[in-house]
Amino acid sequence: MLTLHHLWLCPFSRKVRLCLREKGLDAELAVENVWERRESFLALNPAGQVPVLVDDGVALAESQAICEYLEEAYPSAGRTLLGLDATTRAEVRRLVLWFDLKFGREVTDNLVGEKLYKRLMGRGYPDSSAIRAGRQNLQYHLAYIGYLAERRNWLAGDTLSLADLAAAAHVSCVDYLGDVPWEDYPEAKAWYVRIKSRPAFRPLLADHIAGLPPPRHYADLDF
Ligand SMILES: N[C@@H](CCC(=O)N[C@@H](CS)C(=O)NCC(=O)O)C(=O)O
């Protein structure tokens, strides 16, 4: 029995949701309003952050540790999301960090953080200069995604990996807010269309945040 404590438009939770689905695993989703600092949640993860995966009573925290745990605990026949050899695994991990840390700080925090989480956490109003910086930074990240996707089948190599899931998790949060200039980045768009069309992505496209509807193209596979 798997339970994922998560938040809507949290890229780290989305990465784990995608990983679970790609591995054919079902988890019950439990929304955790992290800003409430509930004691029972802090007992699961003293850092007070989502995602937290509870697998048969054992709590796991940190999205990358969770994804790598799923790889080890639930190996899928003939498939891996981490890469078959040491070189590919190093590249997958480099790109996961690129998206979770660099894209996260330069883009997701400035857009999703400012537009959604600041309000939810009672930390004031969106800062328009941060939003401008997020949109500006997003452009070179989209160019980099396009550069990788043009040269490789998937971002880290021949097969779909956690690098694609991390990238798609962040990009999908920003896309929910309508901030992605897709028409200017056709190679990145072609990669996103491919990953968005995978069955594992469907539940993310069905997400709807009360009072913050996504733009029409968000759930459209042929946008
Ligand atoms: N490095 C962590 C980052 C998780 C994270 O930043 N989660 C955010 C929501 S997207 C959170 O729980 N923030 C609440 C807090 O930091 O107090 C991971 O990969 O799981």
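Ranked from largest, the principal axis spans of the Cα set of the chain equal 48, 46, 28 Å. On the principal axes of its alpha-carbon atoms, the stretch 1-124 has extents of 48, 34, 21 Å, going from largest to smallest. Summing charges over all other residues whose Cβ lies under 14 Å from the Cβ of Pro181, with Lys and Arg as +1 and Asp and Glu as -1, gives -2.
Extension gain for the segment Lys102 to Leu205, taken as residue separation times 0.36 nm less the Cα-Cα distance, is 34.7 nm to one decimal.
Placing unit charges on the Cβ atoms only, positive for Lys and Arg and negative for Asp and Glu, gives the chain a dipole magnitude near 380 debye about its Cα centre. Ranked by the mean number of other Cβ atoms within 10 Å of their residues, highest first, the peptides 108-115, 21-28 fall in the order 108-115, 21-28.
Residue-normalised convex hull volume from the C-alpha trace of the stretch 129-223: 98 Å³ per residue.
What is the sum of charges, Lys and Arg at +1 and Asp and Glu at -1, for the other residues whose Cβ falls under 15 Å from the Cβ of Pro126? Once positives and negatives cancel, what remains is +2. Computed from the C-beta positions of Leu2 and Arg135, the FRET efficiency with R₀ = 41 Å rounds to 0.70. Annotation: lysines with alpha-carbon distance below 17 angstrom to Lys15 (same-chain offsets under eight excluded): Lys23, Lys102, Lys196. One chain, two ends: Asp184 and Ala43. Fully extended at 0.36 nm per residue, the span grows by 46.2 nm beyond their Cα-Cα distance. Gain on full extension, evaluated as 0.36 nm per residue between Ala30 and Asp222 minus their Cα-Cα distance, stands at 66.1 nm.
A short reminder: the numbers here are calculations on the coordinates, not readings from a lab. From a predicted model like this one, the values you see are computed outputs, not experimental measurements. Reconstructed Cβ throughout: ideal geometry from the backbone, glycine too, with neighbour counts over all protein chains shown.
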